[in-house]
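Colleague: This structure is in structure tokens; I'll ask about it shortly.
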Amino acid sequence: MLTNHKYIAFETILIKEIRRFTRIWLQTLVPPAITIGLYFLIFGNLIGSRIGQMGGFDYMDFIVPGLIMMAVIQNAYANVSSSFFSNKFQRCIEEILVSPVPNYIILLGFVAGGMARGVAVGLIVTAMSFFFTSLHIEHVFLTLLVVLLTSMVFSLAGFINALYANTFDDISIIPTFVLTPLIYLGGVFYSIELLPSFGQWISALNPVLYMVNTFRYGILGTSDVNIVVALLMLGVFSAGLFGVALYLLRKGTGLRQ
Amino acid sequence: MQTISPKNAISIRGLTKTYANGFQALKGIDLDVKENDFFALLGPNGAGKSTIIGIISTLVRASSGAIQVFGQDVATHVYETKLSLGIVPQEINFSQFEKVGDIVITQAGYYGLRGELAKQRAEKYLRKLDLWEKRDNRSRMLSGGMKRRLMIARALVHEPKLLILDEPTAGVDIELRRSMWEFLQELNRNGTTIILTTHYLEEAESLCRNIAIINQGQIVENTSMRKLLDKLARQTLVFDTCDELATAPTFEDADIQCNMIDSHSFEISLSTSRDINGIYAALSEQGILIRGMRNKTNRLEELFLSSLKN
């Protein structure tokens, strides 16, 4: 396929994905805004004022980066897993599979769609946070890089989930039983310094901790983890999951008989 | 291995498929479809028709064998062969939430077409298939026949040289079916090779020049429609008369058997090899005026059933 044609195919998938999540904005953009808004209000504003400081910052300021990252992770994952599985379920994925679009363009298109929703929700949540606190971003480039890499990692994970999924239950099991605990225990609401040493050691195995803390470092300039290690980890996860997803696509897992 | 003619739109050699559950859907298929042909692939449910189409379109992986599309192997020349192919599947497989126009334009994008060109192509085929007025409707709002036509428009947006339709007129009313036939015939006249699977044998007889019958994963008949129909030994013709008849007409020739159906119609059974001019002459001599005549049975249906039995 010509390079120009590949780009058009990628753009087509991306536009279709953006059109999908903006068409159903009441299901995709509003709920995370309401949920995270409630977190801001209850944990940040009401309870946070009694907690005082966390990691050297007001509790509200401390949890804002974590909550933004939580919204990005959940929505990037949910967009790709639900959209790709829905395409499988309705069999409209066959539209792409019978066309000359290469596997890596299919993967990039859906992942870019997931990243677009992750970033869109992240921006909405960031805008909402201005009602509760004034954010000053310490490292703009790092902040953007972490958001993009994190949304890519979870879009890829959502894609793999959708490839294996046979029912709608299969795309809700991982978010409920794996993703949510990882996020809540990933330093969104607390600094791991509060944990005993064993708890800190266990937390260090949680990849979300690195993403949340690197993002927090980008905004506040403070982190519980080594930023270089975190960025390397994000790079390795991105490349590894991309490789796995591409291998499964080539193998036809969940798609070709 | 047999040589493959470059004039073939499709050449299939030794194609087998065994599904994960152990079901052997194809047991060594060899099949050629010439360029510009209008070809019928017939067979009962579960015979393997959709599996062949699935393998050609890469949705199903062959267990063994080779397929060439316009002389190029589908396994090694993925881009070129897919560009030549348009597939209209049996099941509805577009998003029920997308608009009709968006579905066709998006499909154009998968083939590297965008902007005005994609819109022009979408308009061209939506108009030809009487769907242009529905372009802003959600696809789930379309009737069954419209959904089938939408899948044809979508398959044509990149203007493939080979169009494969898997039961395109299933559940479509007679009027619409006829208009789809005319559209497909026009497409074929303009150079598109068409392969059609259908359960409407009248459809295959009306449209297709060549035919293959598949049963239990094997080709049991592969010939021209004319040669196949010539195999039929006898035919039964039904005559409607202008006036009431008290008894059945009589014929001297023992090969002609005549039976009354009711007071205004009778049927005549005779060899397919002979002409029927003599019958009209004999009826005129007996003072019987004929208002109409038709073939009692679907000829292809008889041959189809006989091929399956053999």
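Residues checked against (1) over 14 Å from the mean Cα position of the chain (by Cα); (2) among the small types (Gly, Ala, Ser):
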{"residue": "B:139", "(1), (2)": "yes, yes"}
{"residue": "B:148", "(1), (2)": "yes, no"}
{"residue": "B:151", "(1), (2)": "yes, no"}
{"residue": "B:154", "(1), (2)": "yes, no"}
{"residue": "B:160", "(1), (2)": "yes, no"}
{"residue": "B:165", "(1), (2)": "no, no"}
{"residue": "B:170", "(1), (2)": "no, yes"}
{"residue": "B:176", "(1), (2)": "yes, no"}
{"residue": "B:190", "(1), (2)": "yes, no"}
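Colleague: Please specify each residue of region B:112-129 satisfying the condition of being in contact (Cβ under 8 Å) with a residue 24 or more places away in the chain, within 10 Å of chain A (Cβ to nearest Cβ) and part of a loop (DSSP other than H, G, I, E, B).
Modeller: Our first condition is that a residue be in contact (Cβ under 8 Å) with a residue 24 or more places away in the chain; within region B:112-129, this holds for B:113, B:118, B:121-122, B:125-126, B:128-129.
Remaining after also requiring within 10 Å of chain A (Cβ to nearest Cβ): B:113, B:118.
The one that is in contact (Cβ under 8 Å) with a residue 24 or more places away in the chain, within 10 Å of chain A (Cβ to nearest Cβ) and part of a loop (DSSP other than H, G, I, E, B): B:113.
Colleague: Being under 21 Å from residue B:36 (Cα atoms), in contact (Cβ under 8 Å) with a residue 12 or more places away in the chain and either of a type in the set (A, V, I, L, M, F, W, C) or surrounded by fewer than 19 Cβ atoms within 10 Å (Cβ to Cβ) (or both) is the requirement here; does residue B:170 meet it? Spell out the reasoning first.
Modeller: Details: under 21 Å from residue B:36 (Cα atoms): no; in contact (Cβ under 8 Å) with a residue 12 or more places away in the chain: yes; either of a type in the set (A, V, I, L, M, F, W, C) or surrounded by fewer than 19 Cβ atoms within 10 Å (Cβ to Cβ) (or both): yes.
It is false that residue B:170 is under 21 Å from residue B:36 (Cα atoms), in contact (Cβ under 8 Å) with a residue 12 or more places away in the chain and either of a type in the set (A, V, I, L, M, F, W, C) or surrounded by fewer than 19 Cβ atoms within 10 Å (Cβ to Cβ) (or both).
Conditions (1) surrounded by 24 or more Cβ atoms within 10 Å (Cβ to Cβ); (2) touching a Ser or Thr at 6+ places or on another chain (Cβ under 7 Å); (3) more than 14 Å from chain B (Cβ to nearest Cβ), marked per residue:
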{"position": "A:75", "(1), (2), (3)": "yes, no, yes"}
{"position": "A:91", "(1), (2), (3)": "no, no, no"}
{"position": "A:109", "(1), (2), (3)": "no, no, no"}
{"position": "A:136", "(1), (2), (3)": "no, no, yes"}
{"position": "A:141", "(1), (2), (3)": "no, no, yes"}
{"position": "A:144", "(1), (2), (3)": "no, no, yes"}
{"position": "A:148", "(1), (2), (3)": "no, no, yes"}
{"position": "A:151", "(1), (2), (3)": "yes, no, yes"}
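Okay, residues lined up against (1) within 18 Å of the chain's Cα centre (by Cα); (2) among the charged types (D, E, K, R); (3) farther than 20 Å from residue B:106 by Cα:
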residue: A:106; (1), (2), (3): no, no, no
residue: A:111; (1), (2), (3): yes, no, no
residue: A:120; (1), (2), (3): yes, no, yes
residue: A:129; (1), (2), (3): no, no, yes
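Colleague: Looking at region B:5-18, can you tell me whether even one residue there is of a type outside the set (Ser, Thr, Tyr), surrounded by fewer than 23 Cβ atoms within 10 Å (Cβ to Cβ), at pLDDT below 90 and within 20 Å of residue B:192 (Cα to Cα)?
Modeller: The answer is yes, given that some residue of region B:5-18 is of a type outside the set (Ser, Thr, Tyr), surrounded by fewer than 23 Cβ atoms within 10 Å (Cβ to Cβ), at pLDDT below 90 and within 20 Å of residue B:192 (Cα to Cα).
Colleague: Moving on. I'd like the residue in region A:213-257 that is of a type in the set (D, E, K, R) and closer than 12 Å to residue A:103 by Cα and, out of all such residues, is nearest to the other protein chains (Cβ to nearest Cβ). Talk me through it step by step, then tell me what you get.
Modeller: To start, the set of residues in region A:213-257 that are of a type in the set (D, E, K, R) comprises A:216, A:224, A:250-251, A:256.
Restricting the remaining residues to those that are closer than 12 Å to residue A:103 by Cα gives A:250-251.
On the way: A:250: 11, A:251: 10 Å.
The qualifying residue nearest to the other protein chains (Cβ to nearest Cβ) is A:251.
Colleague: Now for a separate question. Just checking, which of A:70, A:1, A:60, A:54 is surrounded by 16 or more Cβ atoms within 10 Å (Cβ to Cβ), of a type in the set (A, V, I, L, M, F, W, C) and within 11 Å of another protein chain (Cβ to nearest Cβ)?
Modeller: On the way: A:70 fails: within 11 Å of another protein chain (Cβ to nearest Cβ); A:60 fails: within 11 Å of another protein chain (Cβ to nearest Cβ); A:54 fails: within 11 Å of another protein chain (Cβ to nearest Cβ).
Among A:70, A:1, A:60, A:54, only A:1 is surrounded by 16 or more Cβ atoms within 10 Å (Cβ to Cβ), of a type in the set (A, V, I, L, M, F, W, C) and within 11 Å of another protein chain (Cβ to nearest Cβ).
Colleague: Follow-up question, since we're still on this one. Tell me the residue from B:206, B:265, B:271 that is among the small types (Gly, Ala, Ser), at pLDDT 75 or above and touching a helix residue (DSSP H, G or I) at 6+ places or on another chain (Cβ under 8 Å), please. Give the steps one after another, and end with the answer.
Modeller: Working: B:265 fails: touching a helix residue (DSSP H, G or I) at 6+ places or on another chain (Cβ under 8 Å); B:271 fails: touching a helix residue (DSSP H, G or I) at 6+ places or on another chain (Cβ under 8 Å).
Checking each option against the conditions leaves just B:206.
Colleague: If a residue must be part of a helix (DSSP H, G or I) and within 21 Å of residue A:1 (Cβ to Cβ), how many such residues does region B:130-164 contain? Before the answer, list the steps.
Modeller: Going through region B:130-164, the residues part of a helix (DSSP H, G or I) turn out to be B:132-134, B:139-141, B:144-156.
If we keep only those that are within 21 Å of residue A:1 (Cβ to Cβ) too, we end up with B:154-156.
Counting residues in region B:130-164 that are part of a helix (DSSP H, G or I) and within 21 Å of residue A:1 (Cβ to Cβ) gives 3.
Colleague: Any chance you could count how many residues in region B:130-141 are of a type in the set (S, T, N, Q) and within 14 Å of another protein chain (Cβ to nearest Cβ)? I'd like the intermediate steps shown before the answer.
Modeller: Keep residues of region B:130-141 that are of a type in the set (S, T, N, Q), which gives B:137, B:139.
Next cut, within 14 Å of another protein chain (Cβ to nearest Cβ) only: B:139.
Adding up the residues that qualify gives 1.
Colleague: Here's a follow-up. Considering only residues that are among the aliphatic types (A, V, I, L, M) and farther than 17 Å from residue B:39 by Cα, which ones fall in region B:153-167? Steps first, answer last, please.
Modeller: Filtering region B:153-167 down to residues among the aliphatic types (A, V, I, L, M) leaves B:153, B:155-157, B:162-165.
Scanning region B:153-167 gives B:153, B:155, B:156, B:157.
Colleague: Of B:206, B:269, which residue is part of a helix (DSSP H, G or I) and either assigned by TED's automatic domain parsing to the domain that holds residue B:15 or in contact with a strand residue (DSSP E or B) (Cβ under 6 Å, 6 or more places away or on another chain) (or both)?
Modeller: On the way: B:269 fails: part of a helix (DSSP H, G or I).
Criteria check complete, one pass: B:206.
Colleague: Listed residues B:225, B:151, B:146; which is among the aliphatic types (A, V, I, L, M) and modelled with pLDDT under 85?
Modeller: Working: B:151 fails: modelled with pLDDT under 85; B:146 fails: modelled with pLDDT under 85.
One residue alone meets the criteria, B:225.
Colleague: Hey, another quick one. Could you tell me whether any residue of region A:18-35 is more than 30 Å from residue B:76 (Cα to Cα) and of a type in the set (Gly, Ala, Ser)? Even if it seems obvious, please write down each step before you answer.
Modeller: Of the residues in region A:18-35, the ones more than 30 Å from residue B:76 (Cα to Cα) are A:18-35.
Checking which are of a type in the set (Gly, Ala, Ser) leaves us with A:33.
The answer is yes, given that some residue of region A:18-35 is more than 30 Å from residue B:76 (Cα to Cα) and of a type in the set (Gly, Ala, Ser).
The values are calculated or read from the model by the stated rules, or taken from the named source; none is laboratory data. A quick note: this is a predicted structure, and the numbers were derived from the prediction, not measured. Positions of Cβ are generated from backbone atoms using ideal geometry, with glycine treated the same way; all protein chains shown enter the neighbour counts.
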